[in-house]
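The structure under discussion appears below in the form of structure tokens.
The values are calculated or read from the model by the stated rules, or taken from the named source; none is laboratory data. These figures come from a predicted structure and were not determined experimentally. No Cβ is skipped: glycine too gets one built from the backbone with ideal geometry, and neighbour counts run over all protein chains shown. Just so you know, the surface numbers come from the protein's heavy atoms only, side chains and all, with ligands and any DNA or RNA stripped out. Shrake-Rupley method; radii C 1.70, N 1.55, O 1.52, S 1.80 Å.
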Amino acid sequence: MKSIWMRVGMSVEVTDEQYEKLKEEALNGSDRYDDLEAPQWLIDRIEKYGEVDGDSYIPETIWN
């Protein structure tokens, strides 16, 4: 058996407060948004309520 790593486009609903907290963390004290690593509470929510609805792919680099 093999394991495949992939990126999966997903959406999940969050409260207004959760959204604002994530937005603030993405600003990280600056005036421009950065990529944000998903916190564990969001991953847990995605696992329970998430919907696959975006671009999903297996990068070619995993075959090397």
For segment 2-59, alpha-carbon Rg and Dmax in angstrom: 13.4, 43
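For the chain, what does the helix formula give at 222 nm: sum of -39500 (n - 2.57) over DSSP H segments with n ≥ 4, over the residue count, nearest 500 deg cm²/dmol? Present the calculation step by step, with values, prior to reporting the outcome.
Values: 2 runs with 22 residues, N = 64.
Helices in the chain give a 222 nm mean residue ellipticity of -10500 deg cm²/dmol.
Which whole-number percentage describes the relative contact order of the chain, with Cα contacts under 8 Å and a sequence gap of 6 or more? Numbers along the way, then the final one.
On the way: 51 pairs, mean separation 38.4, N = 64.
Averaging sequence separation for qualifying contacts and normalising by length gives 60 percent for the chain.
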Angle between the chain longest axis and helix 16-27 axis [Cα atoms, degrees, rounded to 10]: 80
Around Trp41: net Lys/Arg minus Asp/Glu count, Cβ-Cβ under 13 Å: -2
Signed unit charges on C-beta, dipole axis of the chain, positive-most listed residue Gly50, Ile62, Leu27: Ile62
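Per residue, how much accessible area does segment 2-59 have with a 1.4 Å probe, in Å²?
On the way: 5120 Å² over 58 residues.
Heavy-atom SASA per residue in segment 2-59 reads 88 Å².
Do any trypsin sites (Lys or Arg not before Pro) in the chain lie in a loop, going by DSSP, with at most 10 other beta-carbon atoms within 10 Å of their beta carbon, and if so which? If you can, show how the numbers build up before the last one.
Values: sites: Lys2, Arg7, Lys21, Lys23, Arg32, Arg45, Lys48; in loops: Lys2, Arg32.
Within the chain, the qualifying trypsin sites (Lys or Arg not before Pro) (loop, at most 10 other Cβ atoms within 10 Å) are Lys2, Arg32.
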DSSP-assigned coil residues among GluC sites (Glu not before Pro) in the chain, each with at most 14 further Cβ atoms within 10 Å: Glu13, Glu37
0 to 90° range, to nearest 10: angle between helix 40-49 axis and the chain longest Cα axis: 70
